[in-house]
Amino acid sequence: MAKQRWWKKTVISMVVLLGGWALYLSSKQIERNHRIQEEVSSLETEAIKIRRENETLSEKIQYFSSDDFREQEAKKKLGLKKSEETVVIIKPQPEQNKEGENSSVMKQQTSTDIGKENVPNYEKWWKIFF
């Protein structure tokens with residue numbers, strides 16, 4: 001009888017060990033599958049990003065190879081024009097201050113201070129603002 005108990009305990013312990021080992025291996029496999037799935041999803045995201053970038057680059061290539069772009073660059077960089085076009089140059093006007101009087105007073109004060117090189121900066125600023 002003692003032999004049968006010993007034999008049953010050995011078989012039960014072997015079954016428990018095999019079950020534990022199987023659980024350990026399956027948990028490692030599940031973890032590995034999870035890591036692989038994360039890597040696949042990150043690579044898919046990167047592939048989508050690269051496809052978008054390729055689309056924008058192909059659109060730019062089409063635009064740069066178009067006649068409109070060539071014409072625009074010839075006008076801008078080389079100063080060329082079509083025979084039926086007229087070129088008009090518009091000079092920018094100097095900006096007028098909203099303050100009006102203060103700007104004229106400031107111009108007068110700064111013009112008088114230009115000749116005085118010995119005047120410290122804080123006095124020049126004082127004259128400009130007050």
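The values are calculated or read from the model by the stated rules, or taken from the named source; none is laboratory data. Quick caveat, the model's predicted, so the values are computed rather than measured. With ideal geometry, Cβ positions are generated from the backbone for all residues, glycine too; neighbour counts draw on all protein chains shown.
A few notes on this one:
- Filter result for E123 (surrounded by 10 or more Cβ atoms within 10 Å (Cβ to Cβ), at pLDDT 95 or above and assigned to a helix (DSSP H, G or I)): no
- Single condition L23 does not satisfy, out of (1) of a type in the set (A, V, I, L, M, F, W, C); (2) surrounded by 10 or more Cβ atoms within 10 Å (Cβ to Cβ); (3) at pLDDT below 95: (3)
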